[in-house]
1. Please work out the ratio of the alpha-carbon Rg of the chain to 2.2 N^0.38 Å and round it to two decimals.
2. For the chain, what is the calculated [θ] at 222 nm in deg cm²/dmol (nearest 500), taking -39500 (n - 2.57) for each run of four or more DSSP H residues and dividing by its residue count?
3. What is the P(r) of region 1-69, as percent of Cα-Cα pairs per 5 Å bin from 0?
4. How big is Rg to Rh over region 36-98, alpha-carbon atoms, Rh as the Kirkwood inverse-mean-distance radius?
5. Taking the 0 to 90 degree range and rounding to the nearest ten, how far is the long axis of helix 35-54 tilted relative to the main principal axis of the chain, both from C-alpha atoms?
C-alpha cells in the first residue's frame, strides 16, 4: 500500500505564511520571520520529522504553494520578483520534497500563482522527482 502526503496553501512569499527563518531578497536585504511565521516553521520542522518516520511514497503539493499576488491585493509580500519567489519556495520545500520519491504539483489559483500557474510550474521544474 502506498503512503500519500498532501500539503496545500503554503503561500510561500507571504509575510503571514510558511517561510524559512531568514530570507534574502535579490538586493541582498535579509528579512527574519515573525513570531506567527515561527509557528508555521516549527510545525513544518515537525512535519519533516514525521516524514522521516512515516516514509510516504508520494507527496502532492496541492496548489498555492507560492504567493505572487498577481491581482495586487496585498501588501504582505516579501517580494514581487518571480525568480525570488520561486527561490524562496524551492529552498523552503526542498527538505520535504527530497525525502519523498514521487512528487506531484497541482496548479493553484491564478490570483496567487500567476496565469497558467507559472510560478508553481517553475517550482516543479526545480525537482527531479516530480
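Any read-out appearing in this document is the output of simple, stated calculations on the displayed coordinates, not a laboratory observation. From a predicted model like this one, the values you see are computed outputs, not experimental measurements.
1. Details: Rg = 14.2 Å, N = 130, 2.2 N^0.38 = 14.0 Å.
Ratio of Cα Rg to 2.2 N^0.38 Å: 1.02.
2. On the way: 4 runs with 47 residues, N = 130.
It comes out at -11000 deg cm²/dmol, rounded to the nearest 500.
3. With 5 Å bins starting at 0, P(r) equals 4, 15, 20, 22, 18, 11, 6, 2, 1, 0.
4. Values: Rg = 13.7 Å, Rh = 13.5 Å.
Radius of gyration relative to Kirkwood radius: 1.02.
5. Compared with the principal axis, the helix lies near 20 degrees.
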